[in-house]
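Enquirer: Below are the structure tokens for one structure; questions will follow.
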Amino acid sequence: MSKKNAKTTKKSLLIGEIVKNRSLIWSLSKNDFKKRYAGSYLGAIWAMIQPVVTVLMYYIVFDKIFQSRSEAMAGDTPIPYVLFLTAGLVPWFYFSESLNHGTQALTEYSYLVKKVVFNIDILPIIKVVAATFIHVFFAFVLLVVACIYGYYPSLYTLQLIYYSFCMFVLVVALCYTTSAIVVFFKDLSQIIQICLQIGMWATPILWNVGKLGPTAQFIIKLNPVCYIVCGYRESLCATAWFFEDWKYTLYFWGFVVVFMLLGRAIFKKLKVHFADVL
């Protein structure tokens, strides 16, 4: 009975919230995205310039200057290092930006938190959806880079949608916890920044997890972002379907479910005190 309740709770507290408030979430997410670049001459175009400049920088450094590092391994398939690196950076940028902004959801929208009639449960979701707009463009740039190196879209490429959804749900699950705690513990934002700096090196973005020994691989793969990063590369290089490694997929979704239930429990527990503190 408890397992049934857990599944029902997860659906009602995430999918139910999104479906019920989809119009409001969409509207506030667009406004949130536009607000980040309000007052600048180019506006939201700055969000599009960054990934292009980043990719060009890595192309010049690794493909033109360090030609000896022009290829790396993704699974058992050799691919250009720039593509390998870009495929790792795109989901990581999505993760870091969503987590940073999602953590500040309640403090940034404190005026909505104090409104009794407003459903503050959707605020972390709004922040993640806003970050998704930029991620869509990042993903487009990634596909362009893949085509330049001869990796054209295939059925495997459709898995990018699945892995983007994985990242969306993962970050929402984490943000329910972080956004609630940061209201009472402001230093959490700085701790998250440090963790993200360490996490970028602990996640196989700049290096290939396949070159590690079995024990080291097991430890690294406990990081759920590793599942998504490796999935992006496998999708682009048409090397594997997500369900082939069903044990790893099961672990990832088990991790997400646990943190979603934990995050919602913490959020609900602290919710009654948000207005008083903010």
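The values are calculated or read from the model by the stated rules, or taken from the named source; none is laboratory data. Predicted model only: the values in this text are computed from it and were never measured. Ideal geometry is used to build each Cβ from the backbone, glycine not excepted, and the neighbour counts take in all protein chains shown. Protein only, heavy atoms only, side chains kept; ligands, DNA and RNA dropped before computing areas. Shrake-Rupley method; radii C 1.70, N 1.55, O 1.52, S 1.80 Å.
Enquirer: Compute the angle between helix 224-237 and the longest alpha-carbon principal axis of the chain, please, reported from 0 to 90 degrees and rounded to the nearest 10.
Expert: Value to nearest ten degrees: 40.
Enquirer: A follow-up question, please. Using only alpha-carbon positions, what ratio does the radius of gyration of region 216-277 give when scaled by 2.2 N^0.38 Å?
Expert: Compactness ratio reported: 1.57.
Enquirer: Any idea what the dipole of the chain comes to, in debye rounded to 20, about its Cα centre with Lys/Arg Cβ at +1 and Asp/Glu Cβ at -1?
Expert: Here the size comes out at about 1020 debye.
Enquirer: Leaving ligands, DNA and RNA out of it, report the carbon-plus-sulfur percent of the accessible area of region 121-218 at a 1.4 Å probe.
Expert: 77
Enquirer: Step by step: find N for region 140-266, compute 2.2 N^0.38 Å, then divide the Cα radius of gyration by it. What's the final number?
Expert: Expressed relative to 2.2 N^0.38 Å, the Cα Rg reads 1.17.
Enquirer: Starting from the Cα of LEU250, step 7 Å along the direction of its Cβ; do the same at ILE220; then give the gap between the two resulting points in nm.
Expert: Roughly 2.4 nm, to one decimal.
Enquirer: Given a 1.4 angstrom probe, what's the average accessible area per residue across region 83-157, in square angstrom?
Expert: With all protein chains present, region 83-157 gives 36 Å² per residue.
Enquirer: Helix-derived [θ] at 222 nm for the chain: sum -39500 (n - 2.57) over DSSP H runs of at least 4, divide by residue count, nearest 500?
Expert: Calculated mean residue ellipticity at 222 nm is -22500 deg cm²/dmol.
Enquirer: Answer with a single label: of (1) 1.05; (2) 0.99; (3) 1.17, which was calculated as Cα Rg over 2.2 N^0.38 Å from the structure in view?
Expert: (1)
Enquirer: As a test of reading the structure, rank CYS166, CYS230 by solvent-accessible area (1.4 Å probe, protein chains only), most first.
Expert: Highest to lowest solvent-accessible surface, that is CYS230, CYS166.
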